[in-house]
Amino acid sequence: MKLFDKNGNTMVEVYKLERRDDDLVMQTNILESMPVDVYVKPAEFWRLLRLAMKSGVISYVPAFFCKAWARRKEQAVTKEAPAKPKAEAKTAEAHKVAATPSKTATPTSVPVIKDAAPLAKGEYDIIIVGAGNNGLIVGAYLAKAGLKTCVIESRGFVGGGVVTLEATVPGFKHDLGATAALWIDQNPIIKNDELGLIKNYGLKFLPVPEVQEVIIFPDDRAIIIYHDLDKTCASIAKISTKDADQFHKYVEWATPFFKPVLRGSNMPPAPFGSFITMLSNSSKGKELIHTMFSSAYDAVNDWFVSDEMKITATRWAAQSRVSPYESGTAEGIVFMAPYSVLFGAKPIEGGAGRFTECLAAAIKDFGGEIRLNAKVKQVLVSGNTAEGVILENGETVKARRGVVMGLNIKQIFPAMTPGVQLPDGFVRDVQHLKPQRAQYLTWHAAIHNAPKYKAGGDVDRGFQVQTFPTSNYQEYLDGLTEMYRGKPKWNSPGIICSTIFDPSRAPKGKHTLWVAQQEPYYVEGGPQQWDKIGQKVRDGILATIQQHTTNMDASNIIAEKLLTPLDYSRWDEAWIDGEPSHIGGYLTQYMSNRPLPGWSGYKMPVDKLYLCGPSTHPGTGLNAGARAPANVIMKDLGIEFDKVI
Ligand SMILES: Cc1cc2nc3c(=O)[nH]c(=O)nc-3n(C[C@H](O)[C@H](O)[C@H](O)COP(=O)(O)OP(=O)(O)OC[C@H]3O[C@@H](n4cnc5c(N)ncnc54)[C@H](O)[C@@H]3O)c2cc1C
């Protein structure tokens with residue numbers, strides 16, 4: 001059943017209605033956005049339906065009529081436009097020849113271009129600025145659709161924050177940004193291999209490590225989060241039997257939220273108000289609202305009793321570099337607890353950068369181009385329409401159908417759009433967007449032997465290991481607060497030794513180490529201090545690792561590389577103040593509030609100018625969030641996404 005508004009747009013679609021005990025479970029989405037299971041009483045369901053119809057703005061059409069109508073429409077289209085596919089196949093063929101792609105993948109022959117005026121020499125259908133993982137995803141889908149696509153990147157390599165480089169000595173492959181693949185394999189780009197990255201380019205997600213996360217306390221006691229609920233609870237029980245029991249209940253309670261939230265991250269976000277209204281119509285939805293507005297601190301105190309378990313759970317929220325005291329952070333725990341236990345983070349064979357390398361290869365094979373070492377200075381705007389970009393060297397590159405910015409929204413407005421008439425207050429609101437409370441410092445080492453932890457047992461098999469300087473919850477929170485205020489830290493590094501799971505990343509028998517510590521960009525004395533104190537902080541981090549291991553002395557280290565928050569701000573221009581998320585993941589900058597309320601649909605206030613990447617929903621990460629803007633752009637161009645994939 002579908003509910004339409006008076007303009008014929010779908011408001012709510014109910015796929016399935018099922019009775020479960022006293023509830024009706026509606027499998028539904030709103031505004032073609034976020035599919036969810038909604039639990040309502042039968043009476044509530046009919047009351048809602050009556051309300052919707054009575055209001056006069058909504059009418060409902062039973063599924064049968066919808067389907068019949070859709071079938072009729074399909075027939076009409078086929079009848080009216082029999083010759084189109086041939087013409088499109090020709091366009092796609094021309095792109096292939098122009099770029100002399102390999103035989104691996106070819107663009108899809110779908111009806112793409114209605115006004116078939118040929119492009120001028122050097123002109124593209126679409127320009128994408130920034131070859132971060134999101135820019136590349138948009139580029140690959142659009143090139144696959146047969147559009148003449150060019151990705152323009154200022155650095156000499158693709159990948160943005162998803163790159164694997166031999167950054168220490170040859171043969172040792174280091175992920176300099178993202179390293180753990182989280183739920184990207186649940187996204188259709190991977191799940192259905194929509195771009196052929198697995199089949200044609202050998203992209204491979206390694207099996208989920210059984211020991212997902214290890215939390216080590218000062219006395220080397222550890223809580224282990226396994227890819228198994230019972231084993232995790234047994235580990236927690238060594239510290240608190242009450243919390244082991246509570247964690248079991250917690251995961252059971254949180255799991256139903258996981259899939260809908262995950263699916264929502266693959267689509268344009270529903271308007272915040274409608275989303276909340278819809279949730280408020282069911283008991284489970286009301287619980288989600290409560291959680292969405294709660295702080296991690298409050299949620300943790302509601303559920304757990306031991307300080308160690310409170311630290312473990314708060315870490316799930318705090319690792320997104322937002323203070324656990326902030327409203328909205330409880331959702332991080334709701335999402336990550338079932339995720340780690342039931343799904344699990346995993347490495348990509350050969351390094352996370354394989355993902356972006358495969359995307360780049362696919363773009364070329366689909367007939368697209370990637371220009372490296374080409375920095376975009378300005379968007380070329382005529383009237384209020386984006387027509388291309390101007391590079392730093394003065395060159396103009398034109399785009400007929402759209403310019404997609406895979407950059408930080410703060411880079412674009414106003415600096416890249418001089419003289420453009422923007423809505424009142426827009427630039428002010430962009431400049432007021434807030435970064436996370438802390439950024440990353442990373443230390444990468446080529447080592448002889450994988451770390452041997454004093455905690456022993458399964459800890460050495462841990463995928464992500466984090467040490468804490470205290471097992472007192474309040475002290476832990478105070479330490480975070482001090483760090484957010486500008487005090488550098490070295491006592492809580494997150495350590496990943498991917499070569500335990502993926503020997504291909506180092507010469508035989510050797511290992512790579514990825515160590516990340518949250519740090520303030522605005523450190524005491526100002527960000528420039530990082531050039532002075534970086535080495536001291538690195539020494540502190542190594543001393544902390546040595547405290548918890550038996551073999552991490554200097555003789556185990558072959559070579560190393562340090563990146564401070566200041567280095568990151570220089571490394572990727574989109575990371576203003578060292579911020580890989582572009583803007584923070586606060587409730588006010590989240591879902592349809594991202595980047596700003598009213599501008600969450602990937603379209604910017606200039607015609608044919610789009611935004612993708614961490615500045616947009618679903619935010620930061622190696623998460624293929626840019627599949628959604630690719631979909632939106634195709635829709636604007638009259639291309640059927642389903643036919644392209
Ligand atoms: C240390 C660290 C660890 C992380 N760990 C994880 C993890 O384990 N898992 C996870 O999911 N995420 C992780 N992340 C986050 C993830 O790396 C980023 O969220 C993600 O890479 C950002 O998305 P992106 O690649 O699309 O954008 P960006 O990285 O912002 O890409 C922007 C691109 O645009 C280019 N550019 C900038 N300005 C211009 C210009 N003027 N002209 C042309 N090109 C330009 C840049 O060079 C860059 O290539 C981590 C980040 C860091 C820093």
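A short reminder: the numbers here are calculations on the coordinates, not readings from a lab. Not measured: the values here are computed from a predicted model. Note that we place each Cβ from the backbone using ideal geometry, even for glycine, and neighbour counts take in every protein chain shown.
Details
- Where GluC sites (Glu not before Pro) fall in DSSP loop in the range 547-645, at most 15 other Cβ within 10 Å: Glu573, Glu640
- Peptides ranked, highest mean first, by Cβ atoms within 10 Å: ranges 142-151, 173-182, 400-409, 120-129: 142-151, 400-409, 173-182, 120-129
- A Förster radius of 35 Å combined with the Cβ-Cβ distance from His248 to Asp298 puts the calculated FRET efficiency at roughly 0.95.
- ³J(HN,Hα) computed for each position of the range 495-500 - Karplus, 6.51 cos²θ - 1.76 cosθ + 1.60, integer Hz, glycine/proline x: 10, 10, 10, 4, 5, 4
- Working note: Karplus 6.51/-1.76/1.60 with θ = phi - 60° gives the range 436-445 the couplings 5, 6, 9, 10, 10, 10, 10, 10, 10, 10 Hz, where Gly and Pro are set to x.
- The protection proxy used here, the mean number of other Cβ atoms lying within 10 Å of each residue, ranks peptides 579-591, 611-623 as follows, highest first: 611-623, 579-591.
- Fewest-first sequence of Val632, Val430, Val334 by Cβ atoms within 10 Å of each Cβ: Val632, Val430, Val334
- Among the listed pairs Lys249/Lys346; Lys16/Lys635; Lys452/Lys489; Lys16/Lys608; Lys231/Lys346, those beyond 29 Å (Cα-Cα): Lys16/Lys608
- Alpha carbon centroid spacing (whole Å) that separates the range 322-368 from the range 199-237: 16 Å
- Computed about its Cα centre, the charge dipole of the range 560-602 is approximately 200 debye, with only Lys, Arg, Asp and Glu carrying charge at their Cβ.
- Averaged over residues, the count of other Cβ atoms within 10 Å places the peptides 490-500, 185-195 in the sequence 490-500, 185-195, highest first.
- Karplus-based coupling profile of the range 319-335, in residue order and whole Hz: 5, 7, 6, 10, 4, x, 7, 7, 4, x, 7, 4, 4, x, 6, 4, 7, with θ = phi - 60° in 6.51 cos²θ - 1.76 cosθ + 1.60 and x standing for Gly or Pro.
- Size descriptors for the range 201-255 (Cα atoms only): Rg and Dmax, in that order, 14.0, 48 Å.
- Ratio of the Cα radius of gyration of the range 277-327 to 2.2 N^0.38 Å, where N counts its residues: 1.27
- Note on Leu372, Leu433: ascending count of other Cβ atoms within 10 Å places them as Leu372, Leu433, the fewest first.
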